[in-house]
Amino acid sequence: MANNSIVSINDLSKEEILKLLHTASLFEANPNRHILDGKVVATLFFEPSTRTRLSFETAANRLGARVIGFSDPAATSTAKGETLKDTIKMVSNYADLIVMRHYLEGAALYATEVTDVPVINAGDGAHQHPSQTMLDLYSILKTQGRLDDLTLTMVGDLKYGRTVHSLLMALSHFRVRFNFVACKELQMPREFIDFCGKNGIEYHESREFSPEIINSSDIIYMTRVQRERFTDLMEYERVKDLYNLNNAMLADSRPNLRILHPLPRVGEIAEDVDDNPKAYYFQQAKNGLYARQAMICRALGIEVTD
Amino acid sequence: MNEKKELAVAALRNGTVIDHIPSESLFKAVEMLGIANLDKSVTIGFNLASRRLGRKGIIKIADVELSPETVSRIAILAPTAVINTIRDYRVVEKRPVALPEEIVDQIVCNNPKCVTRNQPIPTRFNVVDRGPVRVRCHYCGHEAVGDQIVIK
Ligand SMILES: [Zn+2]
């Protein structure tokens, strides 16, 4: 990629990740800055995602940019059969930055090949969603004060959950021990286990969400276990409640423990956890704003220093 | 050349001999080359003894020379293959197929949600392993190995 596009978290070096996290902290201290006055940011949501779109549009607005785009492709020429290439080329005539979400995997990378305008991938199917990973990293750094020497427990759907895979890859730059807690059908794919082995990353796989695991964790990253992921519905019925978290389970957990979840949740975190100071998933979502402000600036080649 | 060896397959005046095809890839190669629809004389050898491969396949096609695109498609299926070009009963060229680092527009991505399956985009695959051949989609990252690889 010739420009500063951000398609995958794997394209970013450790230094680039740390720099983005630092920039995000500057935006948290002072989110309203008119450093993008006169710039136009296009948000192209070929697949609706209100949560992600509002976060990116708020980030752009707080930086002073104008926002154009669409949130529902049914109302656009895409629905009339316009190719992705033509839509990107057309929008490139108007915008300084394209933020795009698409249901097809690889769509954002393809977009970078047909335009000189920088592209931020806001999710391409089940493939990459780097702003989610950046806000996860920012949340870990902010609550723990560091990204090294942490024990991070991933729970639930570790097979299809792209957020846990991207987070694992990003954290491989740091010294993190992992617990992978999942049932057999949804365990961490072999390629990521092999990746840990090859890179000397300490990990422990468990079927049981045990007190020992909870009480030795600095971060617990919860995910949704979805019925449609199971080929064997008996198995789903058997395991669906095994990976739920309630407040009583946190009684002997570390004081610095924080619970993360990419949201929306269904039943995997009981409501009684919400009032526990260790629950961090709502602030985590808010951190997305600062992480996205940092990503927008980097994509536009704008340095933020204070 | 050893006379007995020459007799094992019919002599060819002009054309191409694709040798050292792994036996398990032979019929895929036959299909890929569209031999069933060819009006040329073709000799196919299956499960022949091979020092290198154990058992090999061989395809002799009269009066046809292969295009570079066809040769690289064979490389995906049978990376051990050797292409012999025959003119007037003589081997004028003998070259092993070469699998490039990147294969452009010759493989279909197995991921139905890949952007290349749903938009008019030439596919791009990186060869990540050569024995057995493993390729990775440049766009969606899906990998295919050996006979999972679908050739366009
Ligand atoms: Zn693909």
*Which members of region B:41-63 meet the condition of being open to solvent by less than 80 Å² (accessible area, probe 1.4 Å) and in contact (Cβ under 8 Å) with a residue 40 or more places away in the chain?*
B:L48, B:I58, B:I59, B:K60, B:I61, B:A62
*asked:* Out of everything in region B:120-135 that is part of a loop (DSSP other than H, G, I, E, B) and either at pLDDT below 95 or buried (at least 16 other Cβ atoms within 10 Å of the Cβ) (or both), what residue ends up being farthest from the ligand (Cβ to nearest atom)?
replied: B:G131
*Can you tell me how many residues in region A:120-129 are closer than 14 Å to B:T116 by Cα and surrounded by fewer than 24 Cβ atoms within 10 Å (Cβ to Cβ)?*
1
*Identity of the residue in region B:99-115, open to solvent by 20 Å² or more (accessible area, probe 1.4 Å) and at the interface with another protein chain (Cβ under 10 Å from one of its Cβ atoms), that ends up nearest to the chain's Cα centre (by Cα)*: B:P112
*Consider B:R87 carefully, then state whether it is more than 14 Å from every other protein chain (Cβ to nearest Cβ), in contact (Cβ under 8 Å) with a residue 60 or more places away in the chain and either out of contact with any strand residue (DSSP E or B) (no Cβ under 6 Å at 6 or more places or on another chain) or within 14 Å of the ligand (Cβ to nearest atom) (or both).*
yes
*Which condition does B:V91 not pass, out of (1) open to solvent by 60 Å² or more (accessible area, probe 1.4 Å); (2) in contact with a helix residue (DSSP H, G or I) (Cβ under 6 Å, 6 or more places away or on another chain), if it passes all the others?*
(2)
_Out of A:Q144, A:Q132, A:Q128, sole residue that is more than 17 Å from the chain's Cα centre (by Cα) and at negative phi_ = A:Q144
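Yes/no per residue for (1) under 22 Å from the mean Cα position of the chain (by Cα); (2) modelled with pLDDT under 95; (3) of a type in the set (G, A, S):
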position	(1), (2), (3)
A:Y221	yes, no, no
A:V225	yes, yes, no
A:L245	yes, no, no
A:R254	no, no, no
*Output the number of the condition that A:G267 fails; it satisfies all remaining conditions of (1) open to solvent by less than 40 Å² (accessible area, probe 1.4 Å); (2) part of a loop (DSSP other than H, G, I, E, B).*
(1)
*asked:* Anything in region A:136-165 that is within 18 Å of A:P264 (Cβ to Cβ), open to solvent by 10 Å² or more (accessible area, probe 1.4 Å) and not charged (D, E, K, R)? List them, or say none.
replied: A:Y160, A:G161, A:T163
*Got a number for residues in region B:136-148 being farther than 15 Å from A:L109 by Cα, within 10 Å of the ligand (Cβ to nearest atom) and open to solvent by 70 Å² or more (accessible area, probe 1.4 Å)?*
1
*Does region B:95-119 hold any residues that are within 9 Å of the ligand (Cβ to nearest atom) and assigned to a loop (DSSP other than H, G, I, E, B), and which are they?*
B:C109, B:N110, B:N111, B:K113
*Would you call A:S253 in a loop (DSSP other than H, G, I, E, B) and surrounded by 22 or more Cβ atoms within 10 Å (Cβ to Cβ)?*
no
*Within region A:227-243, restricting attention to residues that are modelled with pLDDT under 90 and part of a loop (DSSP other than H, G, I, E, B), which residue is most open to solvent (accessible area, probe 1.4 Å)?*
A:T231
*Hey, can you tell me all the residues within region B:116-141 that are at the interface with chain A (Cβ under 8 Å from one of its Cβ atoms) and under 23 Å from the mean Cα position of the chain (by Cα)?*
B:C137, B:H138
*Can you tell me which residue among A:F209, A:F195 is aromatic (F, W, Y) and either open to solvent by 40 Å² or more (accessible area, probe 1.4 Å) or in a helix (DSSP H, G or I) (or both)?*
A:F195
*Would you check which residues across region A:69-98 are touching a residue at least 60 places away in the same chain (Cβ under 8 Å) and either among the aliphatic types (A, V, I, L, M) or over 24 Å from A:A59 (Cα atoms) (or both) and list them?*
A:L97
*Out of (1) under 22 Å from B:T116 (Cβ atoms); (2) free of Cβ contacts under 8 Å to residues at least 24 places away in the same chain, what's the single condition that is false for A:L54?*
(1)
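The values are calculated or read from the model by the stated rules, or taken from the named source; none is laboratory data. All of these numbers come straight from a predicted model, not from anything done at the bench. In this analysis, Cβ positions are derived from the backbone assuming ideal geometry, glycine residues included, and neighbour counts consider all displayed protein chains. The area values use the complete protein model at the heavy-atom level, side chains included, leaving out ligands, DNA and RNA. Shrake-Rupley method; radii C 1.70, N 1.55, O 1.52, S 1.80 Å.
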